[in-house]
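Have a look at the structure below, then the notes.
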Amino acid sequence: MSDNQEKKVYYCPNCHKAFARTDESAQFCPSCNKLMYNTNMLVSLWEITPDEHKDTYKKQWDKIDPQKEEQRRLDDIEKRKIEAERQNFSLMSGQYEYDVETVMNTPTGEADWKRIKDMLNYKASKGWKLHTIYSNELGVNSTGVGIGNFGGGVNSTICEAVLVFERKVK
């Protein structure tokens with residue numbers, strides 16, 4: 001790539017002159033030291049533009065306030081920077097998805113540890129990790145049998161273990 005293809009045309013509305021500059025070079029006019037306007041036109045295109053068209057461009061550029069344009073450009077850069085930081089934060093902090101599974105207690109009201117362990121191993125094999133586990137009381141299971149003066153029964157709370165899993169979204 002030649003130097004001209006990398007350079008853009010900057011225009012000084014004070015001197016009414018066009019200059020070839022890179023985005024990294026000073027944006028001030030070398031003749032009068034006023035702020036120039038970045039036309040976003042490549043120098044290679046400017047060089048092949050007929051003179052009458054160049055005059056038309058210059059008349060349009062004369063109407064532009066370079067300080068307002070510079071502020072607009074800086075605002076655009078700041079907006080892009082904020083958006084890039086937001087996207088970078090999302091990538092760094094990660095996006096997660098969640099899944100909820102329940103395991104009912106045994107009929108006697110005890111936690112079904114075998115089923116809980118099986119559920120943990122299954123979800124781990126799929127890339128999930130346990131985030132939270134808690135017990136959810138569903139109600140009371142009361143059964144009784146009575147024969148004559150003798151009676152017996154089971155009074156247990158029906159509960160389920162609620163397991164919340166998370167994994168990072170790729």
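Remarks
- Residue match in the range 14-26 (condition: of a type in the set (Asp, Glu), within 40 Å of the chain's Cα centre (by Cα), assigned to a helix (DSSP H, G or I) and at pLDDT below 85): no
- All conditions in (1) loosely packed, with under 13 Cβ neighbours inside 10 Å; (2) part of a strand (DSSP E or B); (3) at pLDDT below 65 hold for Val100, with the sole exception of (3).
- Taken as a whole, the condition of being outside any helix (DSSP H, G or I), touching a Ser or Thr at 6+ places or on another chain (Cβ under 7 Å) and among the hydroxyl-bearing types (Ser, Thr, Tyr) applies to Thr108.
- Condition check for Met41: surrounded by 13 or more Cβ atoms within 10 Å (Cβ to Cβ), under 13 Å from Cys12 (Cα atoms) and of a type in the set (A, V, I, L, M): no
- Taken across the range 61-81, residues that are within 29 Å of Asn14 (Cβ to Cβ), under 27 Å from the mean Cα position of the chain (by Cα) and among the β-branched types (Val, Ile, Thr) do occur, with at least one present.
The values are calculated or read from the model by the stated rules, or taken from the named source; none is laboratory data. None of these values were measured; they are calculated from a predicted model. Positions of Cβ are generated from backbone atoms using ideal geometry, with glycine treated the same way; all protein chains shown enter the neighbour counts.
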